[in-house]
Amino acid sequence: MTMSISFDSARMRRARIAVSLAFLTFGTEVGLWFAHIPEVARRLALDPAQLGLGILSIGVIGLVMQSVAGVAIARFGSRRTMLVLLPVFVVMMTLLIGAPSQPIFFVFAALSGLVTMPANVGNNTMAAEFERLRGRSAMSSFHGFFSVGGLLGSLLGGLLIAADYGDGRGALVVGIVMLLVSLWATVNAVEIAPATRESQQGPRFAIPPPALLGICLLVFCAALVEGSVGDWSALYLDTIKHADPVLAASGYTLFSIAMATMRFAGGPIVERLGPRALIVGGGSLIAAGMLIVVLSPWPLLSALGFLVVAVGASNIVPLLTSAAANTPGVAPSIGVAALTTFMTLGLFTGPPVIGFIAQAWDLGIAFGFLAVIGIIVAVGAASRRWHRASTPDA
């Protein structure tokens, strides 16, 4: 469908900055939360199973709320919906980090679930609408800004914890800044009028057809690794490798650095290697990195293992998203909708699974399980036939 909406170049530049800042805000709050997880667990005396249950509640509620977000975005528009969702997300993540007791922690976790995944859906909708209005791909760079935000949040979290502001006071200061940024970003984004949205004409939830099932299973595995590393890397380095708080937070910091760098550089790499080689290599690097994390006798080397994992994982989801959108016989909207559902399941299934394995055995065995997942990704990608049409734009 040809879009009749147009904006001048200055407005589009401002919109690109706005969407980039929306992704940066989301990533910063996620990174800040990840860095504070050991402090929250220690302060509230949460065992791995309790922590995993709290994280699971965010994921399960968020998954249910994705469809509600789709209805709201279709009716009111992505920009107006995100003008509510993104600031509320910032507030809820700040409250979650500073929860004063176990019961309140679980309440805030549930409330965070109401807005976390809807805000993510809204961000990606704003990004997709910007792409359609611009007529060129920009999704990879937007996801790169999410990774930069994760890096920024984890760095700030480590510094705040080292300065003895890990009880939520530091997160409050960061949250106020991110709240202002989120308001500017959502006000200045552009959107397609709700009446012209493709989502008005198609399904809001899609079960993947057989042609997509393999891709969806691969993205589930890749997202499971990403979510697990985010939620558990700092706690693993803290409790198993006995790293100091700054080094414990550095695992996710290194992970975010590698993710951001590889996503911004992903286009030329994909063009050179192709999707099959990149995903097979990515799965292999995930397995190798997790083995370094688990087997290394030194905390710093274990932290560097998370960097290796990120190099492998960074471009798997963008490649699979492009593959889903270009699956023969499947409408792009259905392919991407199905993939997003499985990606969300992976992101929020992984952390509680790791928590339950850690409760039954220990975190080392749980992270060894992620190495097996990396091997599954490599083998699955090697057994699939790929087409150059599925490579994403730079």
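The values are calculated or read from the model by the stated rules, or taken from the named source; none is laboratory data. Every value quoted in this text rests on a predicted model; they were computed, and no experiment measured them. Glycine also receives a Cβ, built like all others from the backbone with ideal geometry; neighbour counts cover every protein chain displayed. Heads up: the accessible areas ignore ligands, DNA and RNA and are worked out on the full protein's heavy atoms, side chains in. Shrake-Rupley method; radii C 1.70, N 1.55, O 1.52, S 1.80 Å.
Residue check: Ala110 meets all listed conditions (1) over 21 Å from Met178 (Cβ atoms); (2) in contact with a His (Cβ under 6 Å, 6 or more places away or on another chain) but one, namely (2). For Ala381, the conditions (1) under 17 Å from the mean Cα position of the chain (by Cα); (2) at pLDDT 75 or above; (3) farther than 17 Å from Pro48 by Cα are fulfilled apart from (1). Screening Ser78 with (1) modelled with pLDDT under 90; (2) open to solvent by 10 Å² or more (accessible area, probe 1.4 Å); (3) touching an Asp or Glu at 6+ places or on another chain (Cβ under 8 Å) gives one miss only, at (2).
Please determine, by comparing only the residues of the range 143-184 that are open to solvent by less than 40 Å² (accessible area, probe 1.4 Å) and among the hydrophobic types (A, V, I, L, M, F, W, C), which one is farthest from Leu24 (Cα to Cα). Full working, then the answer.
Of all residues in the range 143-184, those open to solvent by less than 40 Å² (accessible area, probe 1.4 Å) come to 144, 147, 149-151, 153-154, 157-158, 160-161, 166, 168, 170-171, 174-175, 178, 181-182.
Now restrict to residues that are among the hydrophobic types (A, V, I, L, M, F, W, C): 151, 160-161, 171, 174, 178, 181.
Values: Leu151: 10, Leu160: 19, Ile161: 21, Ala171: 16, Val174: 13, Met178: 9, Val181: 9 Å.
The selected residue is Ile161.
When each of Leu56, Leu96 is tested for being in a helix (DSSP H, G or I) and under 23 Å from Thr340 (Cα atoms), the lone residue that passes is Leu56. Any idea which of Leu46, Leu83 is surrounded by fewer than 24 Cβ atoms within 10 Å (Cβ to Cβ), at pLDDT below 90, out of contact with any Cys (no Cβ under 7 Å at 6 or more places or on another chain) and not polar (S, T, N, Q)? Selected residue: Leu46, the only one of Leu46, Leu83 that is surrounded by fewer than 24 Cβ atoms within 10 Å (Cβ to Cβ), at pLDDT below 90, out of contact with any Cys (no Cβ under 7 Å at 6 or more places or on another chain) and not polar (S, T, N, Q). Being under 26 Å from Ile357 (Cα atoms) and buried (at least 18 other Cβ atoms within 10 Å of the Cβ) holds for only one residue in Gly70, Gly27, Gly59, and it is Gly59.
Got a sec? Which helices (runs of 4 or more DSSP H) wholly within the range 153-270 have at least 2 residues that are modelled with pLDDT under 85 and touching a His at 6+ places or on another chain (Cβ under 8 Å)? Of the helices (runs of 4 or more DSSP H) lying wholly inside the range 153-270, none has at least 2 residues that are modelled with pLDDT under 85 and touching a His at 6+ places or on another chain (Cβ under 8 Å). If the condition is being open to solvent by 20 Å² or more (accessible area, probe 1.4 Å), out of contact with any Pro (no Cβ under 9 Å at 6 or more places or on another chain) and either closer than 13 Å to Val225 by Cα or touching a residue at least 40 places away in the same chain (Cβ under 8 Å) (or both), then the range 299-322 contributes Pro299, Leu300, Leu304, Leu307, Val308, Val311. Of Ala258, Ala303, Ala277, Ala287, all but one fail to be of a type in the set (A, V, I, L, M, F, W, C), touching a Leu at 6+ places or on another chain (Cβ under 7 Å) and more than 14 Å from Ser314 (Cβ to Cβ); the exception is Ala303. Taken together, Leu21, Leu32 contain a single residue that is at pLDDT 80 or above, farther than 24 Å from Ile161 by Cα, surrounded by 20 or more Cβ atoms within 10 Å (Cβ to Cβ) and under 18 Å from the mean Cα position of the chain (by Cα), which is Leu21. Annotation: of all residues in the range 271-286 being open to solvent by less than 10 Å² (accessible area, probe 1.4 Å) and at pLDDT 85 or above, the one that is farthest from Tyr236 (Cα to Cα) is Ile279. If you go through the range 310-338 and keep only what is at pLDDT below 75, under 22 Å from Phe264 (Cα atoms) and touching a Leu at 6+ places or on another chain (Cβ under 7 Å), you end up with Thr321, Ala324.
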